[in-house]
1. Using a Cα-Cα cut-off of under 23 Å, which lysines could be cross-linked to K2, ignoring same-chain neighbours fewer than 8 residues away?
2. Checking the cross-link filter: which aspartates and glutamates have an alpha carbon closer than 17 Å to that of K45, excluding same-chain neighbours under 8 positions apart?
3. Can you give the angle from 0 to 90° between the axis of helix 73-86 and the longest principal axis of the chain, with both taken from C-alpha atoms, to the nearest 10?
4. Can you give the local net charge around G72? Use residues other than it whose beta-carbon is closer than 13 angstrom to its beta-carbon, Lys and Arg +1, Asp and Glu -1.
5. Between R20 and residues 5 or more places away or on another chain, which pairs have amide H atoms under 5 Å apart, with H built 1.01 Å from N, and which residues are they?
6. Run the quick spin-label model on I60 and E82: label points 7 Å from Cα toward the beta carbon, then report their separation in nm to one decimal.
7. Can you put S67, S80 in order of Cβ neighbours within 10 angstrom, beginning with the fewest?
8. Would you mind checking the tilt of helix 45-57 against the longest principal axis of the Cα atoms of the chain, expressed as 0 to 90 degrees and rounded to 10?
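Every read-out reported here was derived from the displayed coordinates using simple, explicitly stated rules and does not represent laboratory data. On a predicted model such as this, the values are computed, not experimentally measured, just so you know. Cβ atoms come from the backbone with ideal geometry, glycine included; neighbour counts cover every protein chain shown.
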Amino acid sequence: LKLVDIIFELVDARIPFSSRNPMIDEIIQHKPRLVLLNKADMADKETTKEWLAFFADRGIQSLAINSQAGEGLKQITIASREILKEK
C-alpha cells in the first residue's frame with residue numbers, strides 16, 4: 001500500500017455496514033479514502049443520505065453511485081482529485 005495514493009472502498013448501499021471489510025481501517029491505516037455506496041438506486045434514499053452523513057461526520061468522503069447505470073461515476077474523479085489536493 002505504500003505506493004497507493006487513495007483507497008476506494010466499495011460497499012453495497014443497501015447494507016453499507018455489513019458489506020464493509022471489518023479490518024479496512026487497520027489495513028489502510030491513514031491513507032486517503034473514498035467510500036462508494038454502490039447500488040444506490042436499490043437502497044432507501046433517506047437511509048443512504050444518513051450513511052453519507054455518517055461517513056462525513058467521521059471525516060471520510062463518500063458518494064452514492066449506481067455503477068451499472070453509470071450514475072455518479074464522474075463524481076468519483078472529481079472527489080478523488082479533491083481528496084488528493086488535501087493530502
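1. The reachable lysines, counting only those whose Cα sits under 23 Å from K2, are K31, K85, K87.
2. Excluding near neighbours in sequence, the set is D12, E71.
3. 30 degrees
4. Values: positive: K39, K74; negative: D41, E71.
Around G72, the surrounding residues sum to 0.
5. Close amide H contacts, sequence-distant or interchain: none at all.
6. 1.7 nm
7. Sorted ascending by nearby Cβ count, the order is S67, S80.
8. 20 degrees
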